[in-house]
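Written out below as C-alpha cells is the structure these notes cover.
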Amino acid sequence: MPFKSILLLLLACCAVGLAVVMLILAILRHKGGVAATRRQTVFSMPGSRRLAGWRSFLLQSYRWSMKLPLWSAYVLQVKKRISFRHVGDEMALRKTTMGIVLIVAGSCSLVGIVLLMVQPGWSFLLLVVLCAVVLNSLVLDMWLNRLEKRLLMQMLDVFAEVRHRYHQHGMIEEALYEAAETGKGEAAQQVMLIYEALTSPDPNEALERYYEVAPNRFLKGFAGMSYLVMEFGDKDRAHGSIYLKGLGNLTQEIHLEILRRDKLDYLLKGLNIIALAPVLFTAPIERWARSSFPSMDEFYGSKLGFVTKISIYVVIIAAYLLLQRLQQYDETRFRAGRSNTVWERILYKQPFIRKCSFLLAAKPGSIKYGQTVRLMRESSSELKYEWLAIRRFVLFAGCFLFSLCCIAALHQVERNHILYAPVRDDRMFGAMSADELKQAQDTADLDRAVLQQVSKAGNATHDEIVQALERVSSRKLKDEVQNETVARITQKWEKLQRQYLQWWELLIAFLIGTSGYYLPIWLMLFQRKMRGMDMLHEIYQFQTVISILRDMERMSVEEILEWLNRFAVIFKRPLQKCLLHFEHGPEDALEHLKADARLPEFQRLVDKLQLALGKISIQEAFDDLDSMMSFYFEQRKQEYANMVDAKAAWGKMIGFAPMYALVFLYLVVPLVGMSFLQMNMYYEQIQKL
C-alpha cells in the first residue's frame, strides 16, 4: 500500500474515532443534563440552552481527557498556561482550556489533511508535528494577547470608577467594592479579589497570595497602593491626594502600554503567516523544478539537497520563534522561589552523570564559577549551579549524538541516491521520455546488482567489476559500452567507500554539541538583557511606593525596605538578603544591596536610603522624586518608540527570511550551480568532437 494511502487511512480512522467520542459525550451530556436543565429556569431560551449544552460538553470533554495519559498531559499544560486568568474559578478555567484544546486539535487536523494532499511523503510527518507545535503556540498567544489587551481596556474604566467612588466616600474599601459591583468584565473581578484581600483578617498574607496570581504589574501596583493608603491614611498635598495621584500615574502607564501594543500589533501583523507559508511550497517548487529543469533531479536527490531542505525547515522554525519573541510585551513571568527543574534533580542523583557534568563545569572558587553564579543571579535563574551543570552536560551529549545521527542519515541518503538514482546520459538534453527513463532505471538496477556482487568481496578492482558485470548482465556488452559501464560503476564504488564518518564531520558534531553546552549561558545572557525593561518597571513601582511612604509619620528606612520587598519580583532576593543583614549594620547591608543589584537607577534609590539613615529625613532624601518619576516616564516613552521601530525592522527581515531561503537556497542557487555544471560538461563534450 502506498505511503499516502496509509496516511489517509490513519487520518480517516482518527476522524471516525473523534466523531464517536463526541457522540458518546453528547449522549452522556444529554442524559446527565436533562434534569438539571429542567430545574434551571434561566436556561429556558433556545440560545441559552445551546450555550449551556456547549459548556456542559466542554466540562465532559475535560473529564474524559483526564483519563487519557498523553492527552491529559497536554491539556494540563494548556491549563497551566492560562490558569492565572481564571483565579478562583475552576469551572471557567476548565471550559476555556478545553475550548482552546479543541480549536488547536481541529486546526491541526485540517492542516494535516491539506499538507497530505499538497506534500505527501516522508516529510509529511515532520510537517504535521511542526504545524501542530506552531498552531498550539499561535492560538495560545493570540488568545492571551487578546485577553491581556481587553483587560487593560477594562482597567481604565474600573480605575475611573474607583476614582469617582473615592471622591464620593473618601474610603478605599467602599470605592473598591462599589467599583467592582458596578464594573463588568475581568477587571471588575480582579478589583473584587483585591477588595477581599484588603478586608481579610490578614491583609498582608492575602496580598502576597494575590501578587503571585496577578495578571499584570498594574494590578499589583494598584493593590499595593490601595493597601498603603488604607493602612497609613491619605494625606492631601498642595497638589492633591496621594492616592489619586498614584491612580493617575497608573492610568498614564496603562495608556502608554495600550498604545505600544497597538502599534506593535499593527507593524508585525501577518508576519507569522508569511514566515510559515514556505512550508506549503517546498514540494510544489521541487516538482516544478524537476519537471522544468531535469538536471535538478541530481540536486534534490543528493545529500546536499536533503541538507538544504532541512536547513529551510530550521530557518522557518527559527524565524517563527524569533517572531514570537518579538511580539511579546516584555512582561516578566519570573516568580521568586518557584522551581520546576525536576529532571535535573533526578539526573543529579545518578553518580556517573553527576561526575561527568562536573568534569566540564567550572570548579567552585574559580573566576569562571563566580561569573556563572553572578550571571544566574542577574538573570533571575531559578536553577542551582549543580542543576545548571547537569543541564549543560545533557544538552552537550544530546546535541552531539543528534548531530551524529543526522550525519549518519545523510550518508544513508547519499548511498540510496548512488544506488537507486536513474543513470542519466550526459549527452541527453532536456527531460527524459518514458522510454529513456525506463532505460536509465534499468542501468541503475544493473549498476546496483554489480555493486552488491563486488561488495561481498570487500574490494572492487577493475577485473572483479568486469567479472561481476558479466555474471549479472543478461547480454554481451560491446567493449565501448562495457568500458563506460565499468568506469561508471568504479566511480560509484569510490563514492560509496567515502560514505563513512569523516574527521571534519566529527568536528562539526563536536562544535554543535559545544553550542548546546553553552546554550543555557547564552539564554541567560539574553534574559539578562531583556530584563532591563522589567527592572525599570519595577523601579517605577518602587518610586510610587516611596512617594506614598515618605510622608507617613514615624517611617524608617527598614520599613521602606520591607514594603519594597513586598512589591519586588526581580529585586526580591537582594532585598531579602539586605533585610536579613540590616540589624547587623544598615550601612553594610545597603552597600551589599547596591553590589547585588547593579542597575544604576536602583543604586541611586539605595543612595537616597543611605542618606536617610540619620543624616537627613526620608522626605528630604526623596524631595526630587516627583521630577525623577516624570523624567523616567518620558524616558520610557522614548525607549518604547525606539523599541517598537527596532522590532518592526527586525520583524520584517525575520518574517521574510524563510521565503528568501526557499526561493534562493532551494531554487535559484541550485539552478545556477547545476547550470554551470551542465555548461562545463557540454563544453567538454564539444571539445571531444
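Kindly list, by first and then second residue, each pair from a residue in segment 41-65 that is over 19 Å from MET98 (Cβ atoms) to a residue that is surrounded by fewer than 16 Cβ atoms within 10 Å (Cβ to Cβ) and at pLDDT 50 or above, limited to pairs with Cβ atoms under 6 Å and residues at least 6 apart or on different chains.
PHE43/ARG49
So how many residues does segment 533-570 have that are in a loop (DSSP other than H, G, I, E, B) and of a type in the set (Val, Ile, Thr)?
If we filter segment 533-570 for residues that are in a loop (DSSP other than H, G, I, E, B), which is where we start, we get 550-556, 568-570.
Cutting the leftovers down to of a type in the set (Val, Ile, Thr) gives us 569-570.
Residues flagged as in a loop (DSSP other than H, G, I, E, B) and of a type in the set (Val, Ile, Thr) within segment 533-570 amount to 2.
Is it fair to say GLN687 is exposed (fewer than 14 other Cβ atoms within 10 Å of the Cβ), under 30 Å from the mean Cα position of the chain (by Cα) and in a helix (DSSP H, G or I)?
Numbers: exposed (fewer than 14 other Cβ atoms within 10 Å of the Cβ): yes; under 30 Å from the mean Cα position of the chain (by Cα): no; in a helix (DSSP H, G or I): yes.
No: the conditions fail for GLN687.
Would you kindly identify the helices (runs of 4 or more DSSP H) lying entirely within segment 208-307 that contain at least 2 residues that are of a type in the set (Lys, Arg)?
Working: elements: 217-232, 242-267, 271-276, 282-292, 296-300.
Here the list reads 217-232, 242-267, 282-292.
Here's the yes/no breakdown for (1) modelled with pLDDT of 60 or more; (2) part of a helix (DSSP H, G or I); (3) more than 27 Å from ASN145 (Cα to Cα):
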| residue | (1), (2), (3) |
| --- | --- |
| VAL21 | no, yes, yes |
| LEU28 | no, yes, yes |
| GLY33 | no, yes, yes |
| ALA52 | yes, yes, no |
| SER56 | yes, yes, no |
| GLN60 | yes, yes, yes |
| ALA105 | yes, yes, no |
| MET117 | yes, yes, yes |
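Table: residues versus (1) surrounded by fewer than 20 Cβ atoms within 10 Å (Cβ to Cβ); (2) at pLDDT below 85.
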| residue | (1), (2) |
| --- | --- |
| VAL162 | no, no |
| ILE172 | no, no |
| ALA175 | no, no |
| GLY185 | yes, yes |
| PHE222 | no, no |
| SER226 | no, no |
| GLY233 | yes, yes |
| ALA238 | yes, yes |
| GLY248 | yes, no |
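Would you check if VAL158 is closer than 25 Å to GLU538 by Cβ, touching a Gly at 6+ places or on another chain (Cβ under 8 Å) and not charged (D, E, K, R)?
When the stated conditions are applied, VAL158 passes them.
Run down VAL472, VAL466, VAL454 and say which single residue is modelled with pLDDT under 85, surrounded by 14 or more Cβ atoms within 10 Å (Cβ to Cβ), closer than 30 Å to CYS405 by Cβ and not small (Gly, Ala, Ser).
On the way: VAL472 fails: closer than 30 Å to CYS405 by Cβ; VAL466 fails: closer than 30 Å to CYS405 by Cβ.
Unique residue meeting the criteria: VAL454.
Can you name every residue in segment 622-664 that is closer than 13 Å to GLN543 by Cα and free of Cβ contacts under 8 Å to residues at least 40 places away in the same chain? Don't jump to the end; show me each part of the working.
Looking only at segment 622-664, we keep the residues that are closer than 13 Å to GLN543 by Cα, and these are 622-633.
Selection gives ASP623, ASP624, SER627, SER630, PHE631.
Residues checked against (1) of a type in the set (A, V, I, L, M, F, W, C); (2) assigned to a helix (DSSP H, G or I); (3) in contact with a Cys (Cβ under 6 Å, 6 or more places away or on another chain):
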{"position": "ALA460", "(1), (2), (3)": "yes, no, no"}
{"position": "ASP463", "(1), (2), (3)": "no, yes, no"}
{"position": "ILE489", "(1), (2), (3)": "yes, yes, no"}
{"position": "TYR518", "(1), (2), (3)": "no, yes, no"}
{"position": "ARG531", "(1), (2), (3)": "no, yes, no"}
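For LYS572, indicate whether it is among the basic types (Lys, Arg), closer than 22 Å to LEU207 by Cα and surrounded by fewer than 16 Cβ atoms within 10 Å (Cβ to Cβ). So that I can check it myself, show each step before the final result.
Working: among the basic types (Lys, Arg): yes; closer than 22 Å to LEU207 by Cα: yes; surrounded by fewer than 16 Cβ atoms within 10 Å (Cβ to Cβ): no.
In short, no.
Can you report the number of residues in segment 525-561 which are modelled with pLDDT of 85 or more, surrounded by 15 or more Cβ atoms within 10 Å (Cβ to Cβ) and over 21 Å from ASN249 (Cβ atoms)?
Total meeting the criteria: 3.
The values are calculated or read from the model by the stated rules, or taken from the named source; none is laboratory data. Predicted model, so just to flag it, every value in this text is computed and none were measured. Here Cβ is always computed from backbone atoms with ideal geometry, including for glycine, and neighbour counts include all displayed protein chains.
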